[in-house]
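Beneath this line is the structure, given in C-alpha coordinates, with notes to follow.
The values are calculated or read from the model by the stated rules, or taken from the named source; none is laboratory data. Note that the structure is predicted; figures quoted are calculated from it, not measured. Here the Cβ positions follow ideal geometry from the backbone for every residue, glycine too, while neighbour counts run over all protein chains shown.
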Amino acid sequence: MSRRFFDDQDFQVGQQVELGQAASHHIGKVLRMAEGDAIVVFNGRGGEWQASIVAVSKKAVTVDVLFFREDNRTPPLSVTVALPMIKGDRMDYAIQKATEMGATRIVVLDTERCEVRLKGERADKKLTQWQAIAISACEQCGLNIPPSVSGVESLKTWLASELPHHKLIAHPGEKPFDPAVLHKGEALALLTGPEGGFSDEELKAAQQSGFTPFALGERVLRAETAPVALLAALWAWLG
(Lines give C-alpha, C1' and ligand atoms only; values in the text may rest on other atoms or scores of the structure.)
Protein backbone atom coordinates (compact mmCIF):
# COMPACT_ATOMS: atom_id res chain seq x y z
CA MET A 1 0.00 0.00 0.00
CA SER A 2 1.39 3.39 -1.01
CA ARG A 3 2.30 5.96 1.64
CA ARG A 4 -0.18 8.85 1.88
CA PHE A 5 0.64 12.54 2.12
CA PHE A 6 -1.48 15.65 2.60
CA ASP A 7 -0.65 18.66 0.44
CA ASP A 8 -2.93 21.70 0.12
CA GLN A 9 -2.94 22.26 -3.62
CA ASP A 10 -5.14 21.45 -6.62
CA PHE A 11 -3.83 18.31 -8.29
CA GLN A 12 -4.51 17.53 -11.95
CA VAL A 13 -4.09 14.11 -13.54
CA GLY A 14 -1.29 14.10 -16.10
CA GLN A 15 0.66 16.97 -14.55
CA GLN A 16 3.97 17.04 -12.70
CA VAL A 17 3.87 19.16 -9.55
CA GLU A 18 6.18 20.12 -6.72
CA LEU A 19 4.85 19.20 -3.31
CA GLY A 20 4.80 21.70 -0.47
CA GLN A 21 7.47 22.04 2.18
CA ALA A 22 5.91 19.71 4.76
CA ALA A 23 5.20 16.83 2.38
CA SER A 24 8.54 17.25 0.59
CA HIS A 25 10.45 17.22 3.87
CA HIS A 26 8.66 14.11 5.08
CA ILE A 27 9.19 12.25 1.80
CA GLY A 28 12.74 13.33 1.05
CA LYS A 29 14.36 13.92 4.43
CA VAL A 30 12.46 11.71 6.89
CA LEU A 31 11.45 8.70 4.81
CA ARG A 32 14.23 9.12 2.21
CA MET A 33 12.00 7.95 -0.60
CA ALA A 34 13.40 7.91 -4.13
CA GLU A 35 12.48 8.47 -7.77
CA GLY A 36 9.97 5.91 -8.97
CA ASP A 37 8.39 5.32 -5.56
CA ALA A 38 4.60 5.29 -5.58
CA ILE A 39 2.67 7.57 -3.21
CA VAL A 40 -0.87 8.84 -2.69
CA VAL A 41 -1.59 12.55 -2.24
CA PHE A 42 -4.76 14.27 -1.04
CA ASN A 43 -5.67 17.91 -0.42
CA GLY A 44 -8.48 17.56 2.13
CA ARG A 45 -11.22 18.59 -0.27
CA GLY A 46 -12.25 15.09 -1.32
CA GLY A 47 -10.66 12.18 -3.10
CA GLU A 48 -7.03 11.22 -3.59
CA TRP A 49 -4.47 10.95 -6.37
CA GLN A 50 -2.09 8.13 -7.12
CA ALA A 51 1.30 9.60 -7.96
CA SER A 52 4.88 8.63 -8.68
CA ILE A 53 7.98 10.47 -7.49
CA VAL A 54 9.97 11.84 -10.43
CA ALA A 55 12.54 14.00 -8.61
CA VAL A 56 13.83 14.52 -5.07
CA SER A 57 15.89 17.68 -4.52
CA LYS A 58 17.08 19.53 -1.43
CA LYS A 59 14.14 21.92 -1.64
CA ALA A 60 11.20 19.93 -3.00
CA VAL A 61 9.82 16.63 -4.20
CA THR A 62 8.26 16.50 -7.67
CA VAL A 63 5.60 13.93 -8.50
CA ASP A 64 3.76 12.77 -11.59
CA VAL A 65 0.00 12.70 -10.89
CA LEU A 66 -1.31 9.50 -12.46
CA PHE A 67 -5.00 9.05 -11.65
CA PHE A 68 -7.77 10.10 -9.26
CA ARG A 69 -9.90 8.08 -6.83
CA GLU A 70 -13.10 9.50 -5.36
CA ASP A 71 -13.33 7.29 -2.28
CA ASN A 72 -13.14 9.31 0.98
CA ARG A 73 -13.82 6.40 3.38
CA THR A 74 -16.01 8.62 5.54
CA PRO A 75 -18.27 7.06 8.21
CA PRO A 76 -22.04 6.85 7.61
CA LEU A 77 -22.81 9.62 10.11
CA SER A 78 -21.50 13.18 10.39
CA VAL A 79 -20.37 13.56 14.01
CA THR A 80 -19.19 16.73 15.73
CA VAL A 81 -17.08 15.81 18.75
CA ALA A 82 -16.96 18.51 21.42
CA LEU A 83 -14.37 17.84 24.08
CA PRO A 84 -12.69 19.87 26.82
CA MET A 85 -9.04 20.79 26.95
CA ILE A 86 -7.02 17.97 28.51
CA LYS A 87 -3.58 18.20 30.06
CA GLY A 88 -0.44 17.37 28.10
CA ASP A 89 -0.11 14.78 25.37
CA ARG A 90 -3.46 13.23 26.23
CA MET A 91 -5.17 16.04 24.31
CA ASP A 92 -3.08 15.20 21.25
CA TYR A 93 -4.13 11.57 21.70
CA ALA A 94 -7.82 12.50 21.90
CA ILE A 95 -7.62 14.59 18.71
CA GLN A 96 -5.69 11.88 16.87
CA LYS A 97 -8.01 9.04 17.83
CA ALA A 98 -11.23 11.03 17.29
CA THR A 99 -9.95 11.70 13.76
CA GLU A 100 -9.11 8.04 13.16
CA MET A 101 -12.58 7.12 14.40
CA GLY A 102 -14.19 9.38 11.81
CA ALA A 103 -15.17 12.62 13.54
CA THR A 104 -16.31 15.19 10.99
CA ARG A 105 -15.59 18.16 13.23
CA ILE A 106 -13.79 18.62 16.54
CA VAL A 107 -14.64 21.51 18.86
CA VAL A 108 -12.41 22.28 21.84
CA LEU A 109 -14.32 23.57 24.86
CA ASP A 110 -13.59 25.43 28.08
CA THR A 111 -15.63 23.94 30.94
CA GLU A 112 -15.81 24.72 34.65
CA ARG A 113 -13.52 21.88 35.70
CA CYS A 114 -10.98 22.04 32.89
CA GLU A 115 -7.47 21.82 34.30
CA VAL A 116 -6.04 23.75 31.33
CA ARG A 117 -6.85 27.29 30.20
CA LEU A 118 -5.78 28.65 26.81
CA LYS A 119 -6.41 32.10 25.35
CA GLY A 120 -5.13 34.35 22.58
CA GLU A 121 -1.91 33.34 20.84
CA ARG A 122 -1.46 30.21 22.96
CA ALA A 123 -4.89 28.96 21.91
CA ASP A 124 -4.22 29.76 18.24
CA LYS A 125 -0.89 27.92 18.37
CA LYS A 126 -2.50 24.87 19.95
CA LEU A 127 -5.32 24.83 17.39
CA THR A 128 -2.75 24.85 14.59
CA GLN A 129 -0.96 21.95 16.29
CA TRP A 130 -4.17 19.98 16.76
CA GLN A 131 -5.21 20.52 13.13
CA ALA A 132 -1.82 19.18 12.04
CA ILE A 133 -2.34 16.13 14.27
CA ALA A 134 -5.74 15.53 12.63
CA ILE A 135 -4.19 15.76 9.16
CA SER A 136 -1.42 13.35 10.12
CA ALA A 137 -4.02 10.93 11.45
CA CYS A 138 -5.83 11.08 8.11
CA GLU A 139 -2.59 10.28 6.29
CA GLN A 140 -2.27 7.17 8.42
CA CYS A 141 -5.85 5.91 8.53
CA GLY A 142 -6.97 6.55 4.95
CA LEU A 143 -9.46 9.39 5.37
CA ASN A 144 -9.23 12.07 2.69
CA ILE A 145 -11.19 14.86 4.39
CA PRO A 146 -9.65 15.88 7.75
CA PRO A 147 -11.99 17.13 10.46
CA SER A 148 -11.89 20.84 11.21
CA VAL A 149 -10.55 21.61 14.69
CA SER A 150 -12.02 24.78 16.21
CA GLY A 151 -12.31 26.56 19.57
CA VAL A 152 -11.47 27.30 22.23
CA GLU A 153 -15.01 28.32 23.22
CA SER A 154 -17.04 28.09 26.39
CA LEU A 155 -19.46 25.22 26.84
CA LYS A 156 -22.27 27.75 27.35
CA THR A 157 -21.54 29.43 24.03
CA TRP A 158 -21.35 26.13 22.19
CA LEU A 159 -24.62 24.86 23.67
CA ALA A 160 -26.32 28.03 22.41
CA SER A 161 -25.01 27.57 18.85
CA GLU A 162 -26.74 25.76 16.00
CA LEU A 163 -26.30 22.04 16.69
CA PRO A 164 -27.55 18.84 15.01
CA HIS A 165 -30.91 17.35 15.93
CA HIS A 166 -29.29 14.33 17.61
CA LYS A 167 -27.17 15.36 20.61
CA LEU A 168 -25.39 13.03 23.04
CA ILE A 169 -23.50 13.74 26.26
CA ALA A 170 -21.03 11.27 27.75
CA HIS A 171 -22.78 10.79 31.06
CA PRO A 172 -25.00 8.05 32.54
CA GLY A 173 -28.67 8.88 32.81
CA GLU A 174 -32.04 7.43 33.70
CA LYS A 175 -33.11 7.29 30.04
CA PRO A 176 -30.10 6.08 28.08
CA PHE A 177 -29.65 6.72 24.39
CA ASP A 178 -31.51 4.47 21.96
CA PRO A 179 -29.30 3.81 18.91
CA ALA A 180 -32.38 2.81 16.90
CA VAL A 181 -33.11 6.51 16.28
CA LEU A 182 -29.92 6.88 14.24
CA HIS A 183 -30.04 6.81 10.46
CA LYS A 184 -27.16 6.85 8.04
CA GLY A 185 -26.44 10.28 6.58
CA GLU A 186 -27.75 12.24 9.56
CA ALA A 187 -25.67 14.55 11.77
CA LEU A 188 -24.94 14.14 15.46
CA ALA A 189 -23.15 16.06 18.22
CA LEU A 190 -21.17 14.15 20.87
CA LEU A 191 -20.18 16.07 24.01
CA THR A 192 -17.58 14.55 26.33
CA GLY A 193 -16.46 15.82 29.72
CA PRO A 194 -13.29 17.16 31.33
CA GLU A 195 -10.98 15.32 33.72
CA GLY A 196 -12.94 16.66 36.68
CA GLY A 197 -16.33 15.84 35.17
CA PHE A 198 -19.21 18.16 34.34
CA SER A 199 -20.65 20.38 37.04
CA ASP A 200 -24.32 20.04 37.98
CA GLU A 201 -25.03 23.33 36.22
CA GLU A 202 -23.36 22.14 33.03
CA LEU A 203 -25.30 18.87 33.06
CA LYS A 204 -28.53 20.79 33.52
CA ALA A 205 -27.67 23.19 30.69
CA ALA A 206 -26.87 20.27 28.35
CA GLN A 207 -30.14 18.56 29.25
CA GLN A 208 -32.07 21.77 28.55
CA SER A 209 -30.32 21.97 25.18
CA GLY A 210 -31.62 18.53 24.24
CA PHE A 211 -28.64 16.31 25.01
CA THR A 212 -29.31 12.64 25.73
CA PRO A 213 -27.12 10.69 28.19
CA PHE A 214 -24.76 8.27 26.47
CA ALA A 215 -22.55 5.83 28.39
CA LEU A 216 -21.04 2.36 28.10
CA GLY A 217 -22.24 0.66 31.24
CA GLU A 218 -21.43 2.16 34.64
CA ARG A 219 -17.72 2.69 34.06
CA VAL A 220 -16.25 6.18 34.14
CA LEU A 221 -14.08 6.76 31.08
CA ARG A 222 -11.05 9.04 31.07
CA ALA A 223 -11.43 12.35 29.26
CA GLU A 224 -9.22 11.22 26.37
CA THR A 225 -10.86 7.76 26.16
CA ALA A 226 -14.52 8.77 26.00
CA PRO A 227 -14.56 10.24 22.46
CA VAL A 228 -12.83 7.17 21.01
CA ALA A 229 -14.93 4.57 22.83
CA LEU A 230 -18.25 6.28 22.17
CA LEU A 231 -17.52 6.85 18.48
CA ALA A 232 -16.63 3.16 18.17
CA ALA A 233 -19.97 2.25 19.75
CA LEU A 234 -21.83 4.46 17.27
CA TRP A 235 -20.20 2.81 14.26
CA ALA A 236 -20.86 -0.64 15.69
CA TRP A 237 -24.55 0.16 16.06
CA LEU A 238 -24.78 1.54 12.52
CA GLY A 239 -23.04 -1.49 11.07
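Odds and ends about this structure:
- Residue that is nearest to GLY210 (Cα to Cα) [pool: residues in the stretch 120-155 that are touching a strand residue (DSSP E or B) at 6+ places or on another chain (Cβ under 7 Å) and among the hydroxyl-bearing types (Ser, Thr, Tyr)]: SER154
- Scan of the stretch 208-221 for residues that are surrounded by 13 or more Cβ atoms within 10 Å (Cβ to Cβ) and in contact (Cβ under 8 Å) with a residue 24 or more places away in the chain, ordered by number: SER209, GLY210, PHE211, THR212, PRO213, PHE214, ALA215, LEU221
- Subset of the stretch 32-80 [within 21 Å of GLY102 (Cβ to Cβ), out of contact with any Leu (no Cβ under 9 Å at 6 or more places or on another chain) and charged (D, E, K, R)]: ARG45, GLU48, ARG69, GLU70, ASP71
- Enumeration of residues in the stretch 46-56 that are buried (at least 18 other Cβ atoms within 10 Å of the Cβ) and either small (Gly, Ala, Ser) or in the same structural domain as GLU139 (by TED's automatic domain parsing) (or both): ALA51
- Test: residue in the stretch 155-176 that is among the aliphatic types (A, V, I, L, M) and surrounded by fewer than 16 Cβ atoms within 10 Å (Cβ to Cβ): yes
For every residue, the table says whether it meets (1) farther than 20 Å from ILE133 by Cα; (2) hydroxyl-bearing (Ser, Thr, Tyr); (3) in contact (Cβ under 8 Å) with a residue 12 or more places away in the chain; (4) exposed (fewer than 15 other Cβ atoms within 10 Å of the Cβ).
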residue: VAL30; (1), (2), (3), (4): no, no, no, yes
residue: GLY44; (1), (2), (3), (4): no, no, yes, no
residue: ASP64; (1), (2), (3), (4): yes, no, yes, no
residue: LEU77; (1), (2), (3), (4): yes, no, yes, no
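- Enumeration of residues in the stretch 153-173 that are free of Cβ contacts under 8 Å to residues at least 24 places away in the same chain and among the charged types (D, E, K, R): GLU162
- SER150 fulfils the conditions (1) surrounded by fewer than 19 Cβ atoms within 10 Å (Cβ to Cβ); (2) of a type in the set (Gly, Ala, Ser); (3) in a helix (DSSP H, G or I); (4) touching a residue at least 40 places away in the same chain (Cβ under 8 Å) except for a single criterion, (3).
- In the stretch 116-126, the count of residues that are of a type in the set (Asp, Glu), under 22 Å from TYR93 (Cα atoms) and surrounded by 15 or more Cβ atoms within 10 Å (Cβ to Cβ) is zero.
- Residues (farther than 19 Å from PRO227 by Cα and modelled with pLDDT of 95 or more) located in the stretch 191-200: none
- Looking only at the stretch 156-180, and only at residues there that are part of a loop (DSSP other than H, G, I, E, B) and within 10 Å of PHE211 (Cα to Cα), the one that is modelled with the lowest pLDDT: PHE177
- Given (1) exposed (fewer than 15 other Cβ atoms within 10 Å of the Cβ); (2) in contact with a Lys or Arg (Cβ under 7 Å, 6 or more places away or on another chain), index of the condition LYS59 fails: (2)
- Against the numbered list (1) exposed (fewer than 12 other Cβ atoms within 10 Å of the Cβ); (2) in contact with an Asp or Glu (Cβ under 6 Å, 6 or more places away or on another chain), SER199 comes up short only at (1).
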